[in-house]
Amino acid sequence: MRFFGHLKTVAIHRRTVRKLCFKCGLFWQGLTHDLSKYSAAEFFAGVKYYQGDRSPQAKEREVKGYSAAWLHHKGKNKHHYEYWTDFADGKKVYVQMPAKYFAEMICDRIAASKVYKKKEYTDGCPLEYFETKTDKSAMNEKTCEDLHYFLTLLKDKGEKTALAELKQFVKQSRKKR
């Protein structure tokens with residue numbers, strides 16, 4: 001039961017992210033999003049700690065005090081702000097996320113909220129999660145500001161408007177290169 005439940009959850013999540021990424025013009029990210037979830041390091045922990053209504057990594061963290069699957073995942077996937085943490089002179093440096101990974105992160109947050117909230121999902125759910133469960137002190141300040149802006153836009157104006165503006169955000173960043 002847990003095997004197929006986890007497999008189905010990952011598949012639905014990836015499909016949802018893919019659709020959202022495509023709307024932002026992020027075709028490669030949409031196709032390759034979260035492929036590491038099929039690796040042994042992540043998949044078997046996902047099956048073991050599967051609950052269906054929240055990330056198995058949260059349960060693994062409760063049981064073990066940390067999540068080995070999460071450590072693997074964030075190290076392999078550039079759409080997580082934690083990936084963009086570096087060290088210089090013995091201090092943590094929080095690097096601003098490139099726009100294409102930033103946009104994928106927003107699509108990921110929307111999809112995760114839809115998958116776990118199901119019929120209770122609203123466009124305000126990703127913002128609520130950001131405000132209550134995200135360690136903003138461990139994120140680049142500009143990335144944090146932009147994330148708050150886009151999640152608020154999602155809540156206030158809806159998915160279509162937020163994704164259209166996010167697509168423009170990515171296009172403008174490409175012009176700056």
ask   = Out of segment 99-113, which residues are open to solvent by 10 Å² or more (accessible area, probe 1.4 Å) and touching a Pro at 6+ places or on another chain (Cβ under 9 Å)?
value = Arg109, Ala112, Ser113
message = Suppose we filter Lys8, Lys59, Lys37 for residues that are of a type in the set (Lys, Arg), more than 14 Å from the chain's Cα centre (by Cα), in a helix (DSSP H, G or I) and within 26 Å of Tyr101 (Cα to Cα); which single one remains?
response = Lys8
task = Kindly indicate whether Ala69 is more than 14 Å from the chain's Cα centre (by Cα), assigned to a helix (DSSP H, G or I) and at pLDDT 95 or above.
result = yes
inquiry  = It is to be established whether one or more residues within segment 107-127 are over 21 Å from Asp34 (Cβ atoms) and polar (S, T, N, Q).
reply    = yes
key: Top-ranked residue in segment 65-87 [being touching a residue at least 24 places away in the same chain (Cβ under 8 Å) and of a type in the set (Phe, Trp, Tyr); ranked as least open to solvent (accessible area, probe 1.4 Å)]   = Tyr81
key: Filter result (of a type in the set (Lys, Arg) and either in contact (Cβ under 8 Å) with a residue 60 or more places away in the chain or buried (at least 19 other Cβ atoms within 10 Å of the Cβ) (or both)) within segment 43-64   = Arg54
ask   = Would a scan of segment 21-33 turn up a residue that is in contact with a His (Cβ under 6 Å, 6 or more places away or on another chain), under 25 Å from Ile106 (Cβ atoms), surrounded by 14 or more Cβ atoms within 10 Å (Cβ to Cβ) and not aromatic (Phe, Trp, Tyr)?
value = no
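The values are calculated or read from the model by the stated rules, or taken from the named source; none is laboratory data. Just so it is clear, the structure is predicted and the values come from calculations on it, not from any experiment. Virtual Cβ from ideal backbone geometry, glycine too; neighbours counted across all protein chains shown. Just so you know, the surface numbers come from the protein's heavy atoms only, side chains and all, with ligands and any DNA or RNA stripped out. Shrake-Rupley method; radii C 1.70, N 1.55, O 1.52, S 1.80 Å.
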